[in-house]
Amino acid sequence: MRTQTWALSDELWQKIEPHVPGPPPRREADLPRKRKPGGGRKPVASRQTVEGILYVLRTGCQWNALPKEYGASSTVHRYFQYWTQVGFFETIWVLGLEAYDEMEGIAWEWQSLDGNLIKTPLALEAVGNNPTDRGKKRNQTQRSCGSTRLSTRTSP
């Protein structure tokens, strides 16, 4: 049994696999030379790439710190960028929501459709001054430790 949160179970992989896009398109049209048939690196396994992406997203590590068991970090990152662009992660998100809705049932009528992230104009009257500044201005000529600044220059 897999204990890592980024490792895919066989059951989950069977549901995701049909929706995995192909590899990112090659830039061969931009290059002056064509590859020989069979040349270049072999394609990366899709499951290995998905697990590598989930590893980075779950652990928060940098792409360059990706363990070699998932393949080259630049390759996994290129797949991540391409799959994000074509909407792969949105597709599996919707699949997950549909599966959860079938198992548990999502209370859609309780979901928020809108939010408000602005300051309220009358909030100061309701809660009072900010406790960190209490509406006071400190004397700008004094140091923050309270001592007064001593001038080394004397006036003539």
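Throughout, read-outs are computed from the coordinates displayed, never taken from laboratory work. Since the model is a prediction, treat every value here as computed from it, not as a measurement. FYI the Cβ positions are ideal-geometry reconstructions off the backbone, even for glycines, and counts take in every protein chain you see.
Of note:
- Order of 100, 82 under a 10 Å beta carbon neighbour criterion, fewest first: 100, 82
- The order of 9, 73, going from fewest to most other C-beta atoms within 10 Å of their C-beta, is 9, 73.
- Taking 49, 84, 75, 91 and counting other C-beta atoms within 10 Å, the order from fewest to most: 84, 91, 75, 49
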